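Below is one structure, written out as structure tokens; comments come after it.
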Protein chains: 2
Amino acid sequence: MGERGESRNALWVSAHPRSDSLTATLRDVGVARLRADGWSVDVADLYAEGFDPVLVEEGGADVRAEQRRLLAADLVVLQFPLWWYGPPAMLKGWIDRVFERGFAYDVPDPTSGRNRKYGDGGLAGRRALAVVTAGDRAGSISPRGISGDVEDLFWTLLHGTFWYTGMAALAPHLITDVHGIDAEEVHRLGAALAERLGTVDVEEPIPYLPMTDDFYDHSIALHPSVAAGLTGAAAHRRPS
Amino acid sequence: MGERGESRNALWVSAHPRSDSLTATLRDVGVARLRADGWSVDVADLYAEGFDPVLVEEGGADVRAEQRRLLAADLVVLQFPLWWYGPPAMLKGWIDRVFERGFAYDVPDPTSGRNRKYGDGGLAGRRALAVVTAGDRAGSISPRGISGDVEDLFWTLLHGTFWYTGMAALAPHLITDVHGIDAEEVHRLGAALAERLGTVDVEEPIPYLPMTDDFYDHSIALHPSVAAGLTGAAAHRRPS
């Protein structure tokens, strides 16, 4: 069962210029698995759909359409190849344009008078999963790796985007060492992704702290007593 | 004197859709200061120039032109408003397309047989400065702030992009609390930026470790003896 009762609607957003890419292959496997499990899946292939990622002015008919797709989803999957340790401009611009103020964050709450964000944004009640393929070696994206821990590396997406807009951030599904892999390995990667997706509606999200007075002060820094002495992403998680 | 002897060539790249933006105002102040100090400055206003940030295929005449601008520069300034804790898609796509493999990184070194990157990429010898404007409160971007330490927040740009391609990464020039500021405050911010730029060629860059066997193992993780016990960005800096 999804977080929103019986509905199991997923929006799968992918951004890769080639239709014969590993991204496309894994997307097809992932979407098929979700559908086999009873999910209704809306597939947004941003390159194929010709999305314009350049924000010039707010709004636009295409932005409204993407917002409707988001609102219909219980699960949002963002799938992309890792370019410069982040999403391709195509996907970054989809976020820039679609996740508008008043829609995805800073949604006025008439009861409290606050603008809703961080665990309580306009997309609250949804889960978000990043599915990422990287040429990097597995060890290079690790706590002591040259690119650092995966949750630190994806901090701006996981905490600054997913959680900021109210979505429960799942641990990224990161696939490394993708250069020069053969068909057998592609099959294995697809099977592992499908297995992950089989429990995507019940796995525990990253337990980021909500932006409430219990944890944060007026400058939006942690109270000294919260995660005392800690810095970095770990300081913003509920202790396990 | 610049790092490359007597030459003082700067490339100032900015990405904001409006010509009456704070970004544009601060860019004009910054460029004027550099020119007054004897720098030759090439200004790349990506929106005004109509750069296409969507990578479809590698290369293209526009990419070659941008690469020539980079190669001519001793100092590269990337200026942008902070959108979703990163650069706008327009600037992300400029990096996606222009910082090509074989040009900016993985440049073959016939002597060692290695592909040059991390402090030794195709852009080695240059300094890189991010000038960023954000609506966030100052305290929220701090070691205990909800968005974390500035060098962690910009890790993918500072270490994963600047340093990866060989450029010496300067501490970001981050300007917070920009919503609703008045003309006097804009003037003050411009003066502070100009002062920073006055010593941009002699300030100490972030002392990231080079990717050599002295520091990293074959999986590109730190040797246990290097920054023993540390994780995060701090582990990849030379001890002060």
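The values are calculated or read from the model by the stated rules, or taken from the named source; none is laboratory data. In this text the structure is predicted, and so the values were computed from the model without any measurement. Neighbour counts are summed over all protein chains in view; Cβ atoms, including those assigned to glycine, are modelled from backbone coordinates with ideal geometry. Areas reflect the complete protein model, heavy atoms only, side chains present, ligands, DNA and RNA absent. Shrake-Rupley method; radii C 1.70, N 1.55, O 1.52, S 1.80 Å.
In table form, for the structure just shown:
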{"quantity": "Cα-based shape type of region A:1-63, given that a ≥ b ≥ c are square roots of the gyration tensor eigenvalues and the cut on a/c is 1.5", "calculated": "oblate"}
{"quantity": "Under the Karplus curve 6.51 cos²θ - 1.76 cosθ + 1.60, θ = phi - 60°, whole-Hz ³J(HN,Hα) for region B:217-228, x wherever Gly or Pro sits", "calculated": "8, 5, 7, 6, 10, 5, 4, x, 7, 8, 6, 3"}
{"quantity": "Karplus-derived 3J(HN,Hα), 6.51/-1.76/1.60, for each residue of region B:53-61, Hz, glycine and proline x", "calculated": "x, 8, 6, 10, 10, 5, x, x, 4"}
{"quantity": "Straight-distance crosslink candidates among lysines, where the alpha carbon sits under 24 Å from A:LYS92 and sequence neighbours closer than 8 are dropped", "calculated": "A:LYS117, B:LYS92"}
{"quantity": "Other copies of B:GLU203: label-to-label distances in nm, shortest first, labels 7 Å along the beta-carbon direction", "calculated": "4.1"}
{"quantity": "Low-density loop cleavage sites - GluC sites (Glu not before Pro) in region A:34-79, where at most 12 other Cβ are within 10 Å (DSSP)", "calculated": "A:GLU57, A:GLU58"}
{"quantity": "Ascending list, in nanometres, of distances separating the B:ASP217 label from those of the other copies (7 Å, Cα toward Cβ)", "calculated": "4.1"}
{"quantity": "Potential extension, B:GLU58-B:THR199 segment - 0.36 nm per residue separation minus Cα distance", "calculated": "47.1 nm"}
{"quantity": "Neighbour-limited loop hits for chymotrypsin sites (Phe, Trp or Tyr not before Pro), region B:1-92 (at most 16 other Cβ within 10 Å; DSSP other than H, G, I, E, B)", "calculated": "none"}
{"quantity": "Overall form of region B:91-240 per C-alpha gyration tensor (a/c, 1.5; a/b vs b/c)", "calculated": "prolate"}
{"quantity": "Accessible area buried, both sides summed, chains A and B with 1.4 Å probe, Å²", "calculated": "4200 Å²"}
{"quantity": "Using a 7 Å Cα-to-Cβ projection, A:THR111 label spacings across copies, nm, ascending", "calculated": "6.7"}
{"quantity": "Per residue, in Å², the accessible surface of region B:34-139 once ligands and nucleic acids are set aside, probe 1.4 Å", "calculated": "37 Å²"}
{"quantity": "Residues in region B:9-26 occluded by at least 20 Å² - accessible area, probe radius 1.4 Å, against chain by itself", "calculated": "B:PRO17"}
{"quantity": "Estimated [θ] at 222 nm from DSSP helical runs (n ≥ 4, -39500 (n - 2.57)) normalised by residues in chain B, nearest 500", "calculated": "-7000 deg cm²/dmol"}
{"quantity": "Centroid-to-centroid separation of region B:148-164 and region A:16-76 [C-alpha atoms, Å]", "calculated": "28 Å"}
{"quantity": "For residues of B:47-54, the mean tally of beta carbons on other chains within 10 Å", "calculated": "3"}
{"quantity": "Average other protein chain Cβ within 10 Å of Cβ, residues A:90-96", "calculated": "6"}
{"quantity": "FRET efficiency estimate (nearest 0.05) - Cβ-Cβ, A:SER112 to B:ARG18, R0 25 angstrom", "calculated": "0.15"}
{"quantity": "Within region B:102-144: backbone nitrogen closer than 19 Å to the A:SER225 label point (7 Å, Cα to C-beta)", "calculated": "B:144"}
{"quantity": "Student exercise, chain A dipole from Lys, Arg, Asp, Glu Cβ charges, in Debye to nearest 20", "calculated": "180 debye"}
{"quantity": "Two-site FRET efficiency, B:ALA36 against A:ASP213, from Cβ-Cβ distance with R₀ of 51 Å, rounded to 0.05", "calculated": "0.60"}
